[in-house]
Amino acid sequence: MRRQVVIIGSGPSGLLLGQLLHRIGIDALILERSSKEHVLSRVRAGVLEEGTVGLVRATGLAGRLDAQGLRHDGIEFAFDGQRHRIDLHELSGGKRVVVYGQTELTADLMAGREAVGAETVYEAADVMPHGFDTDTPYVTYVHGGVTHRVDCDFIAGCDGYHGISRRAVPAGAISTFERSYPFGWLGLLAEVPPVSHELIYASHPRGFALCSMRSPTRSRYYVQCDGDEKVENWSDQRFWDELRRRLPADAADAVTTGPSFEKSIAGLRSFVAEPMRFGRLFLCGDAAHIVPPTGAKGLNLAASDVHYLFEALREFYGERSAAGLDAYSPRALARVWKAVRFSWWMTLLLHRFPDASPFAEKLRATELDYVTTSRHAAAALAENYVGLPY
Ligand code: FAS
Ligand code: PHB
């Protein structure tokens with residue numbers, strides 16, 4: 001079998017890239033190790049930058065996103081019993097974010113791919129990229145007990161942090177940069193109206209909390225928890241009580257509780273692999289970088305990687321120029337590191353670190369005070385939160 005591009009992974013990165021390539025007649029096969037149902041069962045991101053929305057529109061599959069996505073002009077910071085609104089739209093010169101669940105986006109992209117008959121092999125086992133340091137790369141995988149080989153021009157490693165693509169690169173050819181955080185996020189989804197029409201990022205001596213949503217009737221909440229916490233230790237009641245303890249009184253009183261239908265814990269880390277290109281193999285999205293979700297950047301970085309890689313592939317096949325391919329890694333990494341910085345800064349700003357010194361805690365309180373009283377500081381936050389230019 002031969003394809004122009006083999007995409008490893010059917011998450012947002014792989015699906016966005018696959019659809020964009022299909023629309024310009026470039027033949028790409030997606031190999032996904034999980035079932036379609038498992039991919040759709042994952043609850044992850046919720047906030048899309050305008051650049052991400054634009055990319056989804058370029059796939060022709062933004063119908064539901066445009067109809068159901070919630071346009072948000074601001075966010076709130078809550079601390080010391082008070083709420084402080086950051087006017088993203090005004091401070092960023094007219095930009096905003098759209099709240100639309102990654103799960104919904106993945107479903108839209110999967111449906112769109114099926115509608116045009118583009119092939120995804122689900123439950124593809126032992127996927128392995130080969131020969132990407134030559135001009136004749138190929139990928140092998142096992143499906144239904146049969147080993148397959150796909151010869152191709154390029155391999156897009158869109159297989160996330162735990163994928164095979166980055167691990168297939170010789171250790172001497174790759175550098176990694178990492179920081180783990182001593183806590184996690186316990187997330188809950190419930191069919192209850194959100195506590196507020198915009199997101200509330202709360203910083204409390206007991207820990208961080210986030211009030212988000214998926215629709216006017218579906219809420220997404222998070223509370224900071226210990227890094228070794230187990231979700232089975234958290235009844236719904238315990239979650240609701242802890243969430244309300246970390247919110248200002250008016251918000252706490254306004255929380256509508258109800259039975260959760262999803263509850264999970266995500267660890268937090270910052271991670272970057274450099275470079276993001278190895279001959280004919282290109283790393284994209286979480287395969288190359290991870291950010292703590294505090295800045296709502298993970299999915300949005302995957303989108304900008306896809307933008308750069310798609311434009312490079314379009315140029316290669318359209319003009320037989322490798323300039324874009326050669327520029328992919330430095331271009332993507334320049335934006336990745338700015339989002340890594342912002343996500344790290346937001347995480348330090350809003351979370352209680354168990355081993356923080358009194359001096360560090362005073363600095364954190366000062367930073368919160370500064371960003372909610374200085375227009376310049378708030379503008380710097382806003383331009384990063386709505387998404388830096390591609
Ligand atoms: P993904 O991990 O989404 O997709 C990779 C795909 O590759 C998966 O379907 C996987 O099954 C497949 N795969 C892996 N190994 C493979 C192999 N060997 N062969 C074939 N396929 C393979 N971001 C935010 O902005 N906000 C959030 O709140 C947020 N919460 C998150 C919570 C969790 C638990 C996690 C893990 C991430 C969260 N993120 C969040 C980040 C997340 O949204 C990612 O940025 C986004 O999924 C990136 O998309 P992909 O790069 O496509 O990677
Ligand atoms: C979410 O709705 O899942 C969400 C929103 C903002 C974040 C992280 C997660 O910073």
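The values are calculated or read from the model by the stated rules, or taken from the named source; none is laboratory data. Note that the structure is a prediction, hence the values are computed from the model and not measured. We place every Cβ from the backbone using ideal geometry, glycine too, and count neighbours over all the protein chains shown. Quick note on the areas: whole protein, heavy atoms, side chains included, nothing else; ligands and nucleic acids left out. Shrake-Rupley method; radii C 1.70, N 1.55, O 1.52, S 1.80 Å.
A few notes on this one:
- Pairs with Cβ under 6 Å, 6+ apart, first in segment 204-231 and in contact (Cβ under 8 Å) with a residue 12 or more places away in the chain, second open to solvent by less than 10 Å² (accessible area, probe 1.4 Å) and part of a helix (DSSP H, G or I): 208/350; 209/243; 221/243; 223/243
- Residue count, segment 54-83 (criterion: in contact with a Gly (Cβ under 9 Å, 6 or more places away or on another chain), under 19 Å from residue 158 (Cα atoms) and of a type in the set (A, V, I, L, M)): 0
- Exclusive hit being within 16 Å of ligand 2 (Cβ to nearest atom), touching a residue at least 24 places away in the same chain (Cβ under 8 Å), in a helix (DSSP H, G or I) and not basic (Lys, Arg), set 65, 17, 21: 65
Listed here are the residues, each with its yes/no results for (1) surrounded by fewer than 16 Cβ atoms within 10 Å (Cβ to Cβ); (2) among the aliphatic types (A, V, I, L, M); (3) on the phi > 0 side of the Ramachandran plot; (4) in contact with an Asp or Glu (Cβ under 6 Å, 6 or more places away or on another chain).
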site: 98; (1), (2), (3), (4): no, yes, no, no
site: 116; (1), (2), (3), (4): yes, yes, no, no
site: 125; (1), (2), (3), (4): yes, yes, no, no
site: 145; (1), (2), (3), (4): yes, no, yes, no
site: 153; (1), (2), (3), (4): no, no, no, no
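- Residue within segment 247-258 that is open to solvent by 30 Å² or more (accessible area, probe 1.4 Å) and polar (S, T, N, Q) present: yes
- Checking each residue in segment 156-201 for being over 21 Å from the mean Cα position of the chain (by Cα) and within 12 Å of ligand 1 (Cβ to nearest atom) picks out only 168.
- When residue 325 is tested against (1) over 27 Å from residue 223 (Cβ atoms); (2) exposed (fewer than 13 other Cβ atoms within 10 Å of the Cβ), only condition (2) is not met.
- Hey, residue 157 within 14 Å of ligand 2 (Cβ to nearest atom) and of a type in the set (Gly, Ala, Ser) or not: no
- For segment 241-281, a residue qualifies if it is under 19 Å from the mean Cα position of the chain (by Cα) and either in a helix (DSSP H, G or I) or not charged (D, E, K, R) (or both), and the qualifying residues are 264, 265, 266, 267, 268, 270, 271, 272, 273, 276.
- Restricting attention to segment 265-291 and to residues that are near ligand 1 (Cβ under 9 Å from one of its atoms) and open to solvent by less than 10 Å² (accessible area, probe 1.4 Å), the residue that is nearest to residue 208 (Cα to Cα) turns out to be 289.
- Scanning segment 336-365 for residues that are open to solvent by 80 Å² or more (accessible area, probe 1.4 Å), farther than 29 Å from residue 307 by Cβ and assigned to a helix (DSSP H, G or I) yields 358, 359, 362, 363.
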